[in-house]
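Single-structure report; data block below.
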Amino acid sequence: MLVAFGLAVLLAELLVAVLGCGGTTDVDHPAPVGGFTIAEAHRATQQHRECSPRECECVREAWRTLVLAGRCAPTGELHRMLYG
């Protein structure tokens, strides 16, 4: 059981290193300068699923792209985060 837990921790650390996102608010996750394509926005929301749109520029811009493309409808809270 302890070995399985250790492997899970190592896997989580590897995913954070590969995806560049650990859900922390002190890491800078800038959005791309030219914006996202719809496919890139989907990928970014998956890779940054632990991030809040409040703290993560990347996931905020990804959600904005998906909302503007009509791919999802924001909740009231997400709408306030995206549009003030």
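Bear in mind these aren't lab numbers, they're just calculated from the coordinates by the rules spelled out. Just so you know, these numbers come straight off a predicted model, no measurement behind them. A quick note on method: Cβ atoms are made from the backbone with ideal geometry, for glycine too, and the neighbour counts reach across all protein chains shown.
Listing 51, 72 from the residue with the fewest other Cβ atoms within 10 Å to the one with the most, what is the order?
Least to most surrounded, the residues fall as 72, 51.
Select from 47, 33, 74 the residue farthest towards the positive end of the dipole of segment 23-83; place +1 on Cβ of Lys and Arg, -1 on Cβ of Asp and Glu, and compute about the Cα centre.
The listed residue farthest towards the positive side: 74.
Return the sequence-ordered ³J(HN,Hα) values of segment 34-51 in whole Hz as given by the Karplus equation 6.51 cos²θ - 1.76 cosθ + 1.60 applied to θ = phi - 60°, using x for Gly and Pro.
Coupling constants for segment 34-51: x, x, 10, 7, 5, 4, 5, 5, 4, 4, 5, 5, 6, 5, 10, 5, 8, 8 Hz.
What are the ³J(HN,Hα) couplings of segment 68-84, residue after residue, when phi is run through the Karplus curve with 6.51, -1.76, 1.60 and θ = phi - 60°? Round to Hz, x for glycine and proline.
Working through the residues one at a time gives 5, 7, x, 7, 7, 10, x, 6, x, 5, 5, 4, 5, 5, 7, 10, x Hz.
If you take every residue apart from residue 78 with its C-beta less than 11 Å away from the C-beta of residue 78, what net charge results, scoring Lys and Arg +1 and Asp and Glu -1?
Every neighbour counted, the sum reads +3.
I want to check the label-to-label distance for residue 72 and residue 33. Put each point 7 Å from Cα in the C-beta direction and report it in nm to one decimal.
Between residue 72 and residue 33, the label points sit 2.7 nm apart.
When 57, 77 are ordered from fewest to most other Cβ atoms inside 10 Å of their Cβ, what list results?
So the ranking, lowest neighbour count to highest, is 77, 57.
If Lys and Arg each add +1 and Asp and Glu each add -1, what is the summed charge of the other residues whose beta carbon sits under 13 Å from the beta carbon of residue 65?
+1
Once a ≥ b ≥ c are taken as the square roots of the eigenvalues of the Cα gyration tensor of segment 23-83, is the result rounded (a/c under 1.5), prolate (a/b larger than b/c) or oblate (a/b not larger than b/c)?
Note, shape of segment 23-83 comes out oblate.
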